[in-house]
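The values are calculated or read from the model by the stated rules, or taken from the named source; none is laboratory data. What you see is a predicted model, and the numbers here were worked out from it, not measured in a lab. Cβ placement follows ideal geometry from the backbone for every residue including glycine, while neighbour counts extend to all protein chains displayed. Quick note on the areas: whole protein, heavy atoms, side chains included, nothing else; ligands and nucleic acids left out. Shrake-Rupley method; radii C 1.70, N 1.55, O 1.52, S 1.80 Å.
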Amino acid sequence: MQAAVSLPAEQRITQTLFQGDKFVDQYYRSFGKSVGKFYTADTRVIWNGAGMTGAQFLQTLPQLQAALSGFDVTSYDVQPFGELAMVSVSGTVRLNGKAQFVQYFVVKKTGSLTYIVSDCFRLV
């Protein structure tokens, strides 16, 4: 049996950063439409202090999509750890004017799919 070939650490980090860039772009562009594709029933979500499962979050998502008219990401950072990546994002969201937000994700890529393991969103 042949051993699995693993990428050198620098190449894994570069690949994770690229995937993180893609994730941030796709997540916030799709928030008003199809952002639910990133969540599973088991995703752990804390949305502005309210803890819930991914299944519960998906039930509340239509109200959130109606209330939040758009995101402007001002900065983000991607940190790989093992098979996961932590993505921290900050910016402004249109919600009765503009409000600042921070959001932290733990994401996992499986094949061609990236899904959210954990999501913590907070207005600041």
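Mind ranking 50-57, 30-37 by how tightly packed they are, going by the mean number of other C-beta atoms within 10 angstrom, highest first?
Working: 50-57: 15.6, 30-37: 13.9.
Ranked from most to least packed, the peptides come out as 50-57, 30-37.
Rolling a 1.4 angstrom probe over the protein chains, ignoring ligands and nucleic acids, what is the accessible area of residue 112 in square angstrom, nearest 10?
100
What's the angle, to the nearest 10 degrees (0 to 90), between helix 9-29's Cα axis and the longest principal axis of the chain?
The angle comes out at about 20 degrees.
Could you list which residues have their amide H under 5 Å from that of residue 91, counting only those 5 or more apart in sequence or on another chain, with H placed in the peptide plane?
Here the answer is 74, 101, since their amide H atoms fall under 5 Å of that of residue 91.
When DSSP beta bridges are limited to those with both residues in the chain, what percentage is antiparallel, rounded to the nearest 5?
Here the share of antiparallel DSSP bridges comes out near 90 percent.
Scan around residue 39 for amide H atoms under 5 Å from its own, H built in the peptide plane at 1.01 Å from N, and keep only partners 5 or more places away or cross-chain.
116
May I ask which residue of 84, 104, 63 lies farthest towards the positive end of the charge dipole of the chain, with charges of +1 (Lys, Arg) and -1 (Asp, Glu) on Cβ and the Cα centre as origin?
Ranked along the dipole, the leading option is 63.
Express in whole angstrom the spacing between the alpha-carbon centres of the range 70-105 and the range 43-62.
16
Among (1) 1.01; (2) 1.38; (3) 1.10, find the value of Rg/Rh (Cα atoms, Kirkwood Rh) that was calculated from the structure presented, and write down its label.
From the options (1) 1.01; (2) 1.38; (3) 1.10, the structure gives (1).
Could you derive backbone 3J(HN,Hα) for the range 36-45 from the dihedral phi with the Karplus parameters 6.51, -1.76 and 1.60 (θ = phi - 60°), listing whole Hz in sequence and x where the residue is Gly or Pro?
My calculation for the range 36-45 gives x, 5, 7, 9, 10, 4, 8, 4, 8, 10 Hz in order.
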